[in-house]
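Take a look at the structure below.
Just so it is clear, none of the values below were taken in a lab; they were calculated from the coordinates. What you are looking at is a predicted structure, and each value in this text was computed from that prediction instead of being measured. Glycine gets a Cβ as well: all are built from the backbone with ideal geometry, and neighbour counts include every protein chain shown.
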Amino acid sequence: MSSKLLQWMLMSVLAVMLIGAASPVRAGVSDAWVTAKVKMLLMNSPRVSGTPINVDTNEGRVTLHGRVPTTAQKTEAGRIARAGTGVLAVRNLLQVVPNKSKKAVMVADDRIQEDIAAALKDEPALKNSSIHAKTVTKGVVLLDGKAASLSDHLLAIEVAGAVPGVRQVASQVDSPNEFGDREVWYDDSPVDANPGNAWTDGWITTQTKTRFMTDADIPASDINVDTRRGEVTLFGTVPSAAVSDKAVTVAKGVSGVHSVKNELRVVRASKKGQATADDAHIESAVRARLAAAKMEDTHIKVDVKAATARLSGTVRFPSQRYTAVRIAYATPGVLRVQNDLLIEVPKAASAQ
């Protein structure tokens, strides 16, 4: 295959992905979905591929974190992230750290293809997907096949990208365009959390964020969370080293986490101030925000005492429960959320 043909093919694949990513925001797009899509766009880009970039999304606001070798790559990563569907804003915290005499690993293309096949086969989370390296040309890989889930698709790109000699990974894998509820939102782990089983990465991130929001000592709004193959990276700011240590401990307690990388910065003045309104005013504000979210088939009760918002009642979907906790936590004056919401499918829906 000629280099010009390869370049045209890769650019075509990337263009299709970018067009899909730049389409109008669809209703109900989740932060977990936005994060996955931005990660895939970054890993498929020939200008930033091969650079591990942490991505976290809160209410459509994407934060990029990590190290890149050039200012141009930092700028390009920000541009790519802003093109993502559902992205409202991008905070680019990437640090420019030039590589010091880093030598490229030269491996024959046929060997790379064999190694990718072995790596994909050995990944337990991909047992329900059929993904392979269609072509490898000068270290540039094109993945093909069918993924059982969006996270399988993302994982396959990460697995292939980690194989020695791979310079870039493009993908034309067919996969669902959304996360399944159990894949991200449910309390119980969707699979056995074996080390290296990244099928639960989205689930781990969601669980970690939820635990932060329901802990009075942890400023969840100031902490970003990203998970890659069971390794959680925490970045952002905390008011003390003790809070930093507690955040790490809480993250380690989530099923499926086999290591936590702590890149939190201690900023003595906490950004989340003490409550300035009384509990009755805070309670009214939480109710108003939940009503504005217009979550159908939910019956959420709010009770605020000592700046702790207790949510009880029922929601239809696990994703609605996470959204309710996030909305309550983001309400000015709320220092902690007690989540007592239950998932209850309406009788009319369950009878269908």
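How about Lys127: which aspartates and glutamates have a C-alpha closer than 14 Å to its C-alpha, ignoring those fewer than 8 places off in the same chain?
Candidates past the 8-residue exclusion: Asp152, Asp192.
If the label point is 7 Å along Cα→Cβ of Asp217, which residues in the stretch 304-341 have backbone nitrogen under 18 Å from it?
308, 335-338
Spin-label point model (7 Å from Cα, Cβ direction): what's the Asp122 to Arg268 distance in nm?
4.9 nm
Highest first, please rank the peptides 253-262, 290-299 by the mean number of other Cβ atoms sitting within 10 Å of their residues. Intermediate results must be reported in sequence, preceding the final value.
Numbers: 253-262: 16.3, 290-299: 13.2.
Peptide ranking by packing, descending: 253-262, 290-299.
Taking the simple approach of a point 7 Å from Cα along Cα-to-Cβ for both Ala307 and Ser130, what is their distance in nm?
Result: 5.7 nm between the two label points.
Per residue, how much space in cubic angstrom lies within the convex hull of the C-alpha atoms of the stretch 279-350?
For the stretch 279-350, the hull spanned by Cα atoms encloses 70 Å³ per residue.
Whose amide H sits under 5 Å from the amide H of Arg336, counting only residues 5 or more places off or on another chain, with H placed in the peptide plane?
Correct list: Ala309.
Would you list the P(r) distribution for the stretch 76-144, with all Cα-Cα distances sorted into 5 Å bins from 0 and each bin expressed as a whole %?
3, 13, 14, 10, 12, 19, 21, 7, 0
Over the stretch 40-87, what relative contact order in percent results from Cα pairs under 8 Å that are six or more residues apart? Don't jump to the answer; show the numbers that get you there.
Details: 42 pairs, mean separation 17.1, N = 48.
The value is 36 percent.
Please identify which residues in the stretch 316-339 have an amide N closer than 13 Å to a label point set 7 Å out from the Cα of Arg289, following the Cα→Cβ vector.
323-338
Measure up Lys37/Lys301; Lys39/Lys121; Lys261/Lys294; Lys209/Lys301; Lys121/Lys246; Lys146/Lys246 against 32 Å on the Cα-Cα distance and list the ones that go over.
Working: Lys37/Lys301 34 Å; Lys39/Lys121 22 Å; Lys261/Lys294 37 Å; Lys209/Lys301 22 Å; Lys121/Lys246 37 Å; Lys146/Lys246 40 Å.
Flagged as over cut-off: Lys37/Lys301; Lys261/Lys294; Lys121/Lys246; Lys146/Lys246.
Which residues among the stretch 310-327 fall inside the zone where the amide N is under 18 Å from a point 7 Å beyond the Cα of Asp188, along Cα→Cβ?
317-319
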